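Chemist: Just dropping this structure here.
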Ligand SMILES: C[S@@+](CC[C@H](N)C(=O)[O-])C[C@H]1O[C@@H](n2cnc3c(N)ncnc32)[C@H](O)[C@@H]1O
């Protein structure tokens, strides 16, 4: 579905996920899925989808979790993958057709304004797809209305970037060599917006959820089989690619060389594995 009305305040994120980020996630879909494989298992375990249930997969991206959820709910169940990124949804739709899962559909819409039938879903699930809302309470209220009174949610999001080795190591290496960035306020929409547990709880409670649980989920992910692969991969993504954006050619060369040196000890162990520090969140409709 296209032509959806998006909330104005999410426009920056919508442009970002339809531009460079969307293209990158499409290109790296298999690698990202491998990196998040253990996270996906933990999420599905917490979400506990049952045969015949109706599930809303928010920020479903290229559709990996939507397909896994559809396989769990079986032929009598339904899964709707919701996302703002047209290129990622194109991949999701293709993969859905290839998997021949008739109850699986996708909708291009902003979670804050998506028109969803009230009281429809048993479960709201998300793998790293709910931290990008300019006004999280507006978005979660809209999503909560689509849940049945007995509905529940389960999602994973990132803890603070300093606790995430995959961000901390490259950021510390690159930072001294690139122009200073306007600081990203910790609560701005973005991957680390829900790092602070008290804020996360307040947002969910204000959106009409209770029985909120927030558990640390620690893991590790593969960021490259070789040093060069790790350098290319990490420099092309989120925080590092944003830091490199305004850099001159010389600054970029220095930053890349510092990144290479920082990754070298990790690559020396065989492949580049970094720690992932996540929150696993569950809640029920209040
Ligand atoms: C970090 S990616 C995760 C994608 C996917 N869940 C995965 O794990 O592969 C975040 C996703 O959230 C989507 N997103 C961002 N803002 C959104 C919004 N307001 N409504 C719906 N989806 C949104 C992005 O387009 C992107 O696909």
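Chemist: Looking at region 132-153, which of its residues are near the ligand (Cβ under 10 Å from one of its atoms), assigned to a loop (DSSP other than H, G, I, E, B) and surrounded by 21 or more Cβ atoms within 10 Å (Cβ to Cβ)?
Modeler: Correct list: 132, 133.
Chemist: In the set 259, 244, 280, which member is in contact with a helix residue (DSSP H, G or I) (Cβ under 8 Å, 6 or more places away or on another chain) and buried (at least 20 other Cβ atoms within 10 Å of the Cβ)?
Modeler: On inspection, the qualifying residue turns out to be 259.
Chemist: Within the group 204, 234, 250, 259, which residue is modelled with pLDDT of 95 or more and within 22 Å of residue 128 (Cα to Cα)?
Modeler: Step by step, each of 204, 234, 250, 259 is checked, and only 204 is modelled with pLDDT of 95 or more and within 22 Å of residue 128 (Cα to Cα).
Chemist: Could you count how many residues in region 99-129 are within 26 Å of residue 280 (Cα to Cα), more than 8 Å from the ligand (Cβ to nearest atom) and free of Cβ contacts under 8 Å to residues at least 60 places away in the same chain?
Modeler: Final tally of qualifying residues: 5.
Chemist: Mind checking which residues of region 175-200 are crowded, with 17+ Cβ neighbours inside 10 Å and over 16 Å from the mean Cα position of the chain (by Cα)?
Modeler: Those that are crowded, with 17+ Cβ neighbours inside 10 Å and over 16 Å from the mean Cα position of the chain (by Cα): 177, 178.
Chemist: Now for a separate question. Just to be sure I understand, how many residues within region 17-49 are in contact with a strand residue (DSSP E or B) (Cβ under 9 Å, 6 or more places away or on another chain) and not in a helix (DSSP H, G or I)?
Modeler: 3
Chemist: Suppose we keep only residues that are touching a residue at least 40 places away in the same chain (Cβ under 8 Å) and more than 15 Å from the ligand (Cβ to nearest atom) within region 49-98. Which one would you say is nearest to residue 111 (Cα to Cα)?
Modeler: 54
Chemist: Is it the case that region 142-151 has a residue that's within 14 Å of residue 192 (Cα to Cα) and in contact with a strand residue (DSSP E or B) (Cβ under 8 Å, 6 or more places away or on another chain)? Before the answer, list the steps.
Modeler: First, pick out the residues of region 142-151 that are within 14 Å of residue 192 (Cα to Cα): none.
No, because not a single residue in region 142-151 is within 14 Å of residue 192 (Cα to Cα) and in contact with a strand residue (DSSP E or B) (Cβ under 8 Å, 6 or more places away or on another chain).
Chemist: Quick check on region 248-286: of everything there that is outside any helix (DSSP H, G or I) and over 29 Å from residue 38 (Cβ atoms), which residue is nearest to the chain's Cα centre (by Cα)?
Modeler: Step by step, filter region 248-286, then rank; the result is 286.
Chemist: Ok, one more. Just to be sure before I move on: is residue 43 surrounded by 15 or more Cβ atoms within 10 Å (Cβ to Cβ) and without any contact (Cβ under 8 Å) to a residue 60 or more places away in the chain in the structure I sent?
Modeler: no
Chemist: Which numbered condition in (1) within 27 Å of residue 11 (Cβ to Cβ); (2) outside any loop (DSSP other than H, G, I, E, B); (3) out of contact with any helix residue (DSSP H, G or I) (no Cβ under 9 Å at 6 or more places or on another chain) is the only one that residue 98 fails?
Modeler: Of everything listed in (1) within 27 Å of residue 11 (Cβ to Cβ); (2) outside any loop (DSSP other than H, G, I, E, B); (3) out of contact with any helix residue (DSSP H, G or I) (no Cβ under 9 Å at 6 or more places or on another chain), residue 98 misses just condition (1).
Residue-wise test of (1) over 24 Å from residue 37 (Cα atoms); (2) over 15 Å from the mean Cα position of the chain (by Cα).
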| site | (1), (2) |
| --- | --- |
| 81 | no, no |
| 111 | yes, no |
| 140 | yes, yes |
| 145 | yes, yes |
| 150 | yes, yes |
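Chemist: For residue 158, only one of the following conditions fails: (1) surrounded by fewer than 19 Cβ atoms within 10 Å (Cβ to Cβ); (2) within 27 Å of residue 244 (Cα to Cα); (3) within 16 Å of the ligand (Cβ to nearest atom). What is its number?
Modeler: The one condition residue 158 does not meet is (1).
Chemist: Tell me which residues, restricted to region 104-119, are in a loop (DSSP other than H, G, I, E, B) and out of contact with any helix residue (DSSP H, G or I) (no Cβ under 6 Å at 6 or more places or on another chain).
Modeler: 109, 113, 114, 115, 116, 117, 119
The values are calculated or read from the model by the stated rules, or taken from the named source; none is laboratory data. If you're wondering where the values come from, they're calculated on a predicted model, not measured in any experiment. Cβ sites come from the backbone with ideal geometry, for glycine too, and all protein chains shown count toward neighbours.
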